[in-house]
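Report on one structure; see the data block that follows.
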Amino acid sequence: MSSEIRYESADGIVTITIDRPAKRNALTSAMCEDLHAAWRRFAASEEERVAILTAAGNDVFTAGADLNDPPPRFWQAVPNVGVPVSKPIIAAVSGLVIGAGVTMVAMSDLCVASASTKFIYPEAKVGIAVGLVSSVASRIPHKVAMELLLLGETVTAERAYQVGLVNRIVPPGEQLAGARAMAKTLAANAPLVLGMLKDMVLETMPRSPVEQMYLTQRVLQSEDAKEGPLAFREKRPPHFRGR
């Protein structure tokens with residue numbers, strides 16, 4: 001894992017940090033691969049019960065995809081999409097949350113945002129979009145989702161709190177502490193109950209066509225998908241590992 005994605009674990013709580021402040025925490029292909037690996041590591045761990053997704057600095061959570069190195073598989077970096085995770089994930093954000101960052105927050109289970117946070121989804125003004133963010137419409141009211149996605153205007157932390165995209169607002173610089181306080185409570189709760197309730201909630205929520213497509217890609221791009229044809233060519237029984 002590169003220095004631009006940090007994975008730290010203590011007391012059953014994982015903190016995954018996007019650490020590229022000099023480039024406004026813009027996401028490269030390598031960073032998305034590292035995020036994918038981080039989610040897999042967290043999902044497989046028996047000791048780690050809660051994850052916090054945050055970023056270095058208070059000015060920009062992420063500027064979205066790095067247009068100089070656009071990640072072709074950004075979806076794999078998105079929690080609960082690229083990797084199934086039956087554990088709580090908290091987004092701790094501050095400053096600008098742009099493009100892909102909006103998707104990552106929407107797909108997290110909880111969000112602590114600083115008062116300076118601003119959500120912006122500018123793809124309609126840029127002329128390019130993949131569409132995974134459309135699943136936000138099952139997480140906030142429809143008209144608000146249309147406002148965010150189609151107008152491309154700024155949504156403040158207070159507005160995001162009012163419509164349910166944010167759980168708690170804290171002063172700038174305190175978003176990680178706020179998320180850790182929430183995570184500490186979650187880590188002390190019964191993990192089987194948390195996992196069951198999260199899975200049932202995700203199954204209850206409608207999924208966009210793009211999200212559904214990516215769920216099939218999890219199988220098509222898995223190690224097991226490669227192992228089957230390889231075993232056939234080598235004329236041996238396949239050894240599937242469930243990943």
Filter result for residue 128 (open to solvent by less than 10 Å² (accessible area, probe 1.4 Å) and outside any helix (DSSP H, G or I)):
no
Taking the stretch 84-96 and keeping only residues that are open to solvent by less than 10 Å² (accessible area, probe 1.4 Å) and within 28 Å of residue 200 (Cα to Cα), one is left with 85, 89, 90, 91, 92, 93
Taking the stretch 152-179 as the region of interest, how many residues are among the polar types (S, T, N, Q) and closer than 12 Å to residue 119 by Cβ?
2
Going by what's in this entry, would residue 116 be described as of a type in the set (S, T, N, Q), in contact with a Pro (Cβ under 9 Å, 6 or more places away or on another chain), surrounded by fewer than 20 Cβ atoms within 10 Å (Cβ to Cβ) and part of a loop (DSSP other than H, G, I, E, B)?
yes
Residue ID - surrounded by the fewest Cβ atoms within 10 Å (Cβ to Cβ), chosen from residues in the stretch 97-106 that are farther than 13 Å from residue 160 by Cα and in contact with a helix residue (DSSP H, G or I) (Cβ under 7 Å, 6 or more places away or on another chain):
99
Check the stretch 159-181 and report whether any residue there is more than 30 Å from residue 11 (Cβ to Cβ) and of a type outside the set (A, V, I, L, M, F, W, C).
yes
Which condition number does residue 46 fail, the rest of (1) assigned to a loop (DSSP other than H, G, I, E, B); (2) under 26 Å from residue 159 (Cα atoms); (3) free of Cβ contacts under 8 Å to residues at least 60 places away in the same chain; (4) not aliphatic (A, V, I, L, M) being met?
(2)
Identify all residues within the stretch 55-78 that are closer than 18 Å to residue 176 by Cα, touching a helix residue (DSSP H, G or I) at 6+ places or on another chain (Cβ under 6 Å) and buried (at least 24 other Cβ atoms within 10 Å of the Cβ); write none if there are none.
61, 62
Residues that are under 13 Å from residue 93 (Cα atoms) and hydrophobic (A, V, I, L, M, F, W, C), drawn from the stretch 131-188
157, 160, 165, 166, 169, 170, 176, 177, 179
Among the residues in the stretch 177-199, are any of a type outside the set (Asp, Glu) and more than 21 Å from residue 48 (Cβ to Cβ)?
no
Report whether or not residue 192 is out of contact with any Pro (no Cβ under 7 Å at 6 or more places or on another chain), over 23 Å from residue 14 (Cβ atoms), in a helix (DSSP H, G or I) and not charged (D, E, K, R).
no
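The values are calculated or read from the model by the stated rules, or taken from the named source; none is laboratory data. Quantities reported herein were computed from a predicted structural model and do not represent experimental measurements. Reconstructed Cβ throughout: ideal geometry from the backbone, glycine too, with neighbour counts over all protein chains shown. All accessible areas refer to the heavy atoms of the entire protein, side chains included, with ligands and DNA or RNA removed. Shrake-Rupley method; radii C 1.70, N 1.55, O 1.52, S 1.80 Å.
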